[in-house]
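J.: The structure that follows is given in the form of structure tokens.
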């Protein structure tokens, strides 16, 4: 009997260790981070859900939609299939956003947001993930965004956001700066800067799939540094 128990323990223990090594939130998920052909682009908030709203940066729902549309176009130019959870100023439930992503086989999910704080001095980029299969993509996006001259790196973090937790495929949520900060909020209103944000995220996605040096930036992506728009900020026409 002890010999049988020893054999059982010898079988179960390695299995438990292997499961633990997979990291948080791995069960039931499929790692397509190196094989994906579809990118689900999620513009945060929308419709009745304005998101953050600040005098410097305007409504978050409009800024996220504009960046998401630009990202969608750049990814299609890079030969990816894309699906947007919303393409206009409409409200989409969080569960529905996750479901849209989960219906796309061999995909990844990228949610676009802007940040907010009561402390106006706080600024910088943040990228979030829930499952360990998403960590590499989150790291890559964060590195690309923080390569923008004058940007601040607030790090990559694990979060229990619903759209990330419910995702079956690699998924990340990107905070593209603080609307509450005078410099970053002003930049968020500048169309060239929003194009630069989309370009950096697109570059990270393309390199995640095909390797470094493959992505070709669009001509409009040569935008000013963070917090220093080339022209006076103008309200975005679309935003989430």
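The numbers here are math on the coordinates, done by the rules we state, and not lab data. Computed from a predicted model, the values in this text were never measured in an experiment. Because the Cβ atoms are built from the backbone with ideal geometry, glycine has one as well, and the counts that use them run over all protein chains shown.
J.: Give, as ranges by residue number, the residues of the range 98-142 whose backbone N falls under 20 Å from the point 7 Å along Cα→Cβ of residue 53.
T.: 113-120
J.: Cut-off is 10 Å between beta-carbons; in what order do 157, 45 appear when sorted fewest neighbours first?
T.: 157, 45
J.: What percent does the relative contact order of the range 36-221 come to when contacts are Cα pairs within less than 8 Å and at least six residues apart?
T.: Averaging sequence separation for qualifying contacts and normalising by length gives 28 percent for the range 36-221.
J.: What is the gain in length, in nm to one decimal, between residue 30 and residue 218 on full extension, counting 0.36 nm per residue of separation less the C-alpha to C-alpha distance?
T.: Taking 0.36 nm per residue and subtracting the Cα distance, the gain is 64.5 nm.
J.: Taking the simple approach of a point 7 Å from Cα along Cα-to-Cβ for both residue 76 and residue 106, what is their distance in nm?
T.: Taking the simple label geometry, residue 76 and residue 106 are separated by 2.0 nm.
J.: Take 42, 89 and order them by how many other Cβ atoms sit within 10 Å, fewest up front.
T.: 89, 42
J.: Please arrange 37, 127, 85 by counting, for each residue, the other beta carbons lying within 10 Å of its beta carbon, fewest first.
T.: Ordered by Cβ neighbours within 10 Å, fewest first: 37, 85, 127.
J.: Using a ≥ b ≥ c from the Cα gyration tensor of the range 39-173 (square roots of the eigenvalues), is it rounded, prolate or oblate, where a/c under 1.5 gives rounded and otherwise the larger of a/b and b/c decides, a/b for prolate?
T.: Verdict is rounded for the range 39-173.
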